[in-house]
Amino acid sequence: MSENLQAEIKEICQSCGNDRTRMMDIVRAVQQRFGRVSDEAMNLIAKCVNCHRAEVEGVVSFYAFLSKKPKGNVVIRLCNDVIDKMQGLDAVAQEFKKQLNIDFGQTTPDGKITLEYTPCIGMCDQSPAAIINDEVITYLSTDKVKEIIADIKKHYDPSKLKHRLGDGNNANELVHSCVHNGIRKKGPVIFANYKHEAGLKNALAMSPVEVINEVKTARLRGRGGAGFPAGMKWQFTRAAEGGKKFIVCNADEGEPGTFKDRVILTELADMLFEGMTIAGYAIGAENGILYLRAEYNYLRKLLEKILQERRDKNLLGKNIFGKKGFNFDITIQMGAGAYICGEETALISSCEGLRGDPKTRPPFPAQKGYLGCPTVINNVETLCCVTRILEMGAAWFAEIGSPGNTGTKLLSIAGDCKLPGVYEFPFGIKVNDMLKDVGADDAQAVLIGGPSGQIIGPNDYNRTISYDDLATGGAVVVFGPERDMIEIAAQYMEFFVEESCGYCTPCRVGNVLLKKYLDKILTGKGEPEDLDMLKQLGESIKITSRCGMGQTSPNPVLTTLKNFPKIYDSKVKKVTDGLQPTFDIRKALADAESIAHRNSVIFTK
Amino acid sequence: MSDQITFTIDDIEVKGKAGQTILQAADEAGIYIPRLCYHPELAPHGSCRVCTVLVNGKPQTACTQPITEGITVENDTEELKEHRRNLIDMFFIEGNHFCMFCEKSGNCELQAVAYRLGILSPKYPYLFPKKDVDSTHPDIFLDLNRCILCGRCVEASRDVDGKGVFEFAGRSIEKKIMVNADKYLKDTNLAVTDKAADVCPVGTINKKRTAFAVPIGKRLYDKKPIGSEIEERKK
């Protein structure tokens with residue numbers, strides 16, 4: 001073993017206190033430094049943090065951004081989301097292959113550049129897009145690919161790539177990215193002028209229980225999509241036994257088509273951190289964790305700086321705002337490329353340095369969460385709403401939207417529309433009105449809530465965005481008349497197949513089967529029975545899966561079957577010759593024929 | 001105060017103790033809920049999902065769900081049996097299970113549950129994956145073709161043997177069991193007397209030189225269906 005590797009890994013582990021629960025930080029650092037986490041490295045890490053080597057490998061093999069095999073100094077991750085495909089991904093992908101002379105999943109022979117696909121990186125409104133190490137590159141075209149590769153080959157340092165800077169904080173020297181915010185519609189809650197720290201001041205003038213009551217009176221529900229009442233979650237956690245408590249902010253925005261938290265994290269981090277601090281005060285937590293998806297690593301330095309500024313202003317730290325005994329601070333936990341970690345208990349597993357498997361419930365995080373302590377997990381947008389509720393009052397907030405659905409909702413809208421971007425609408429807006437605003441007058445279908453939500457057709461455009469009707473964490477994708485909805489459903493199923501954690505049978509295997517049946521139909525070999533099979537299989541996955549991801553994973557199939565039955569019916573046909581349409585006799589005979597050096601005399605055609 | 005909890009499974013009144021799961025209480029009462037990954041001496045894993053029941057109408061796994069007073073549990077319904085058959089079919093097509101020449105046949109819980117649920121062959125297309133076989137260990141061989149990822153060996157080695165010989169690697173359909181070594185089972189400290197060598201429900205972890213000590217036809221589930229031992233407890 002090289003002395004160098006040994007010394008550096010020891011140092012990395014030591015900087016993380018040789019703490020097993022900080023495995024994510026350790027393996028991320030090793031990956032970044034050496035381009036891989038090798039067998040040697042895993043053995044060393046295990047020794048340093050006193051765990052089994054297989055546990056380290058279990059983690060490394062789980063996350064897409066970590067690898068045992070060596071990767072190039074430059075890793076190009078091209079986003080292959082459905083929207084990118086709609087915006088010309090194919091040509092861009094071909095150009096990357098041509099320029100680098102390698103295929104996806106490969107590294108150039110000199111070991112310098114690796115080319116990969118990655119699911120949605122939160123840039124759907126400026127796709128096709130890619131992440132090159134930590135640099136985000138948007139609006140890719142074949143010409144741009146040529147330029148980028150030529151540029152990279154000069155220095156092999158993606159941070160030196162030349163590009164035009166985006167608006168707002170994207171141009172900040174700590175971010176320095178070409179991403180633009182794309183705020184299309186401002187509303188009264190999030191994209192509004194707010195008085196910094198007024199909410200926190202008001203909260204600290206109340207008792208923690210009063211703060212919880214304020215959030216309950218505002219009837220704030222979780223913005224991640226599930227819509228659980230935030231005040232109730234806080235109340236359970238406050239009441240739970242256990243010394244230490246935690247606030248975790250879920251910034252693992254991974255639902256394909258969602259990018260609204262990206263904008264909040266870029267422009268409104270103070271509002272978010274203020275909300276986390278208020279939540280900490282309310283439930284009696286001294287520690288907050290921001291779980292940031294690896295794809296948003298380009299925002300990390302800015303977020304760290306804002307946290308430091310808040311510490312300097314005594315908005316974090318000890319006796320915040322002079323409130324004796326109220327101590328609270330926030331750390332950032334980076335993810336490493338796993339959609340499942342947006343599921344709250346999987347997110348906790350990841351924070352604990354484990355594979356991103358969801359946990360068994362009960363116990364719920366409110367009783368036993370991070371490191372077994374009572375924990376609140378809230379979405380980025382939810383915590384921003386908290387700040388505004390404490391600033392303006394519960395009554396003000398409850399006035400917006402509708403009684404069961406108070407406040408506004410940020411929607412990330414992209415796809416076949418003229419004005420993709422982030423929109424803040426009051427709850428209860430009709431799909432029709434939304435489509436008008438985004439410039440989509442001929443939508444064949446709209447995906448509400450990402451692939452784990454619903455794909456609806458024009459018959460449903462008079463329905464509303466709300467928890468009781470069309471619930472959404474924020475993803476809206478518009479599909480024009482020329483799109484093949486079965487193909488779209490198949491692409492979303494491919495996403496779920498890749499992103500299943502593999503823990504439970506229905507999600508691990510069932511989704512592979514759904515994708516197989518869709519492919520059969522797409523190649524013209526589908527039979528009417530296949531549609532029944534899709535329905536039954538989808539239902540079993542829904543009923544028996546272990547977590548929210550599995551339970552919603554068949555939705556692209558089930559909702560298109562329900563809302564676009566004619567498309568499916570037109571693609572399947574009854575078999576009349578008694579043969580299995582997927583069986584290819586020529587292919588089945590090929591091996592035998594090649595060995596025998598002659599063709600079958602019975603099956604000549 | 002009594003810690004007895006009364007609830008119903010398929011309209012039959014069951015009395016359990018506080019802290020028990022639905023599966024534990026059902027087992028004691030002599031009601032069989034089909035299951036695969038669950039092992040009474042290990043923490044419930046909740047991965048196979050075969051023991052899914054409806055608790056007050058909501059799907060839950062019986063092995064992880066604690067009992068509470070007055071709940072209504074549905075278990076032996078046509079709908080749930082169909083879901084269970086679908087899950088069992090998934091196991092058969094995601095691996096390479098050839099019962100006719102598997103030394104575990106007759107003692108295999110997957111095979112036994114499949115028969116009990118009336119499965120003769122899976123309805124889904126086989127995936128025919130390429131899986132590893134590791135026979136490097138002097139006393140034990142590992143055949144991942146038959147693994148159902150139940151986690152019993154992982155837990156037994158970690159929690160009972162205190163060794164951590166087995167762990168999960170990868171995710172999605174690529175998820176698999178790996179050993180705590182650079183490559184081979186022989187390089188781990190697994191012993192044939194370990195709990196981990198004893199808990200595999202299928203033919204993945206096998207003790208060498210014992211395969212046909214009991215002949216086919218005289219094995220555990222050759223005599224009576226799986227679950228009979230539980231149902232015999234019924235008064």
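The values are calculated or read from the model by the stated rules, or taken from the named source; none is laboratory data. This structure is a prediction, so every number in the text was calculated from the model and none was measured. Here the Cβ positions follow ideal geometry from the backbone for every residue, glycine too, while neighbour counts run over all protein chains shown.
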**Message:** I'm checking my understanding of the structure. Among residues of the range A:502-547 that are farther than 23 Å from B:ASN75 by Cα and in contact with a Gly (Cβ under 6 Å, 6 or more places away or on another chain), which one is nearest to the other protein chains (Cβ to nearest Cβ)?
**Reply:** A:ARG508
**Request:** Give the residue that is surrounded by the most Cβ atoms within 10 Å (Cβ to Cβ), with candidates limited to residues of the range B:1-28 that are within 11 Å of B:VAL73 (Cα to Cα) and of a type in the set (Val, Ile, Thr).
**Result:** B:ILE22
**Message:** Restricting to the range B:173-185, and then to whatever is without any contact (Cβ under 8 Å) to a residue 12 or more places away in the chain and either part of a strand (DSSP E or B) or touching a helix residue (DSSP H, G or I) at 6+ places or on another chain (Cβ under 6 Å) (or both), can you tell me which residue is nearest to B:VAL199 (Cα to Cα)?
**Reply:** B:ALA181
**Prompt:** Can you name the residue in the range A:1-23 that is touching a helix residue (DSSP H, G or I) at 6+ places or on another chain (Cβ under 6 Å) and of a type in the set (A, V, I, L, M, F, W, C) and is also farthest from A:ILE289 (Cα to Cα) among such residues?
**Reply:** A:MET1
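If a residue counts only when it is without any contact (Cβ under 8 Å) to a residue 40 or more places away in the chain and farther than 20 Å from A:ALA445 by Cα, which helices (runs of 4 or more DSSP H) contained entirely in the range A:487-605 have at least 1 such residues? Lay out the reasoning, then the answer.
Numbers: elements: A:511-522, A:528-544, A:548-552, A:555-563, A:565-571, A:585-596.
Fully inside the range A:487-605 and qualifying: A:511-522, A:528-544, A:548-552, A:585-596.
Yes/no matrix, rows are residues, columns are (1) farther than 26 Å from A:GLU253 by Cβ; (2) among the aliphatic types (A, V, I, L, M):
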site: A:VAL189; (1), (2): no, yes
site: A:ASN193; (1), (2): no, no
site: A:GLU197; (1), (2): no, no
site: A:LYS201; (1), (2): yes, no
site: A:SER207; (1), (2): yes, no
site: A:GLU214; (1), (2): yes, no
site: A:GLY225; (1), (2): no, no
**Fill in**
Taking the range B:160-170 and keeping residues closer than 19 Å to B:GLY46 by Cβ and either small (Gly, Ala, Ser) or within 11 Å of chain A (Cβ to nearest Cβ) (or both) leaves B:PHE166, B:GLU167, B:PHE168
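Starting from residues that are of a type in the set (Val, Ile, Thr) and without any contact (Cβ under 8 Å) to a residue 40 or more places away in the chain, keep the ones in the range B:91-130 and report whichever is surrounded by the fewest Cβ atoms within 10 Å (Cβ to Cβ). Let's see the steps before the verdict.
First, the residues of the range B:91-130 that are of a type in the set (Val, Ile, Thr): B:93, B:113, B:119.
Still in the list and also without any contact (Cβ under 8 Å) to a residue 40 or more places away in the chain: B:93, B:119.
Working: B:ILE93: 20, B:ILE119: 17.
So, considering only residues that are of a type in the set (Val, Ile, Thr) and without any contact (Cβ under 8 Å) to a residue 40 or more places away in the chain, the one surrounded by the fewest Cβ atoms within 10 Å (Cβ to Cβ) is B:ILE119.
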**Message:** Given the condition more than 26 Å from the chain's Cα centre (by Cα), crowded, with 21+ Cβ neighbours inside 10 Å, assigned by TED's automatic domain parsing to the domain that holds A:LEU315 and farther than 29 Å from A:CYS341 by Cα, answer yes or no: does some residue in the range A:185-196 qualify?
**Reply:** no
**Fill in**
In the range A:558-584, residues that are loosely packed, with under 13 Cβ neighbours inside 10 Å and touching a Phe, Trp or Tyr at 6+ places or on another chain (Cβ under 8 Å) total 0
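Go through the range B:186-199 and give me each residue that's under 18 Å from the mean Cα position of the chain (by Cα), assigned to a loop (DSSP other than H, G, I, E, B) and buried (at least 22 other Cβ atoms within 10 Å of the Cβ). Break it down into steps so the answer makes sense when it comes.
First, the residues of the range B:186-199 that are under 18 Å from the mean Cα position of the chain (by Cα): B:195-199.
Restricting the remaining residues to those that are assigned to a loop (DSSP other than H, G, I, E, B) gives B:198-199.
Selection gives nothing.
Where in the range A:211-322 are there helices (runs of 4 or more DSSP H), lying wholly inside it, with at least 3 residues that are over 23 Å from A:HIS180 (Cα atoms)?
Working: elements: A:230-239, A:260-267, A:269-283, A:300-312.
It comes to A:230-239, A:269-283, A:300-312.
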**Complete:** Per the list (1) in contact with an Asp or Glu (Cβ under 8 Å, 6 or more places away or on another chain); (2) more than 12 Å from chain B (Cβ to nearest Cβ); (3) not hydroxyl-bearing (Ser, Thr, Tyr), residue check on A:ASN459 breaks on (1)
**Message:** For the range A:403-440, which positions are more than 22 Å from A:VAL179 (Cβ to Cβ), in contact with a strand residue (DSSP E or B) (Cβ under 8 Å, 6 or more places away or on another chain) and among the small types (Gly, Ala, Ser)?
**Reply:** A:GLY407, A:GLY428, A:ALA440
**Prompt:** Among (1) surrounded by fewer than 22 Cβ atoms within 10 Å (Cβ to Cβ); (2) within 25 Å of A:VAL74 (Cα to Cα), where does A:ARG22 come up short?
**Reply:** (2)
**Breaking point among (1) in contact with a helix residue (DSSP H, G or I) (Cβ under 9 Å, 6 or more places away or on another chain); (2) over 22 Å from A:LYS233 (Cα atoms), for A:PRO426** = (1)
**Prompt:** Which of (1) within 26 Å of A:LEU174 (Cα to Cα); (2) free of Cβ contacts under 8 Å to residues at least 40 places away in the same chain does A:LEU299 not meet, given it meets every other one?
**Reply:** (2)
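Matching residues to (1) closer than 14 Å to A:ALA269 by Cα; (2) not polar (S, T, N, Q):
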{"position": "A:LEU299", "(1), (2)": "yes, yes"}
{"position": "A:LEU302", "(1), (2)": "yes, yes"}
{"position": "A:GLU309", "(1), (2)": "yes, yes"}
{"position": "A:THR331", "(1), (2)": "yes, no"}
{"position": "A:ALA336", "(1), (2)": "no, yes"}
{"position": "A:CYS341", "(1), (2)": "no, yes"}
{"position": "A:ALA346", "(1), (2)": "no, yes"}
**Item:** Residue list for the range A:523-579, filter: over 20 Å from A:PHE496 (Cβ atoms) and touching a Ser or Thr at 6+ places or on another chain (Cβ under 6 Å)
**Value:** A:LYS525
**Prompt:** Any chance the range B:137-159 includes a residue that's surrounded by fewer than 16 Cβ atoms within 10 Å (Cβ to Cβ), among the aliphatic types (A, V, I, L, M) and either more than 12 Å from chain A (Cβ to nearest Cβ) or more than 30 Å from A:ALA64 (Cβ to Cβ) (or both)?
**Reply:** no
**Asked** Only one of (1) among the polar types (S, T, N, Q); (2) surrounded by fewer than 18 Cβ atoms within 10 Å (Cβ to Cβ); (3) modelled with pLDDT of 95 or more is not met by A:SER159, so which one is it?
**Response** (3)
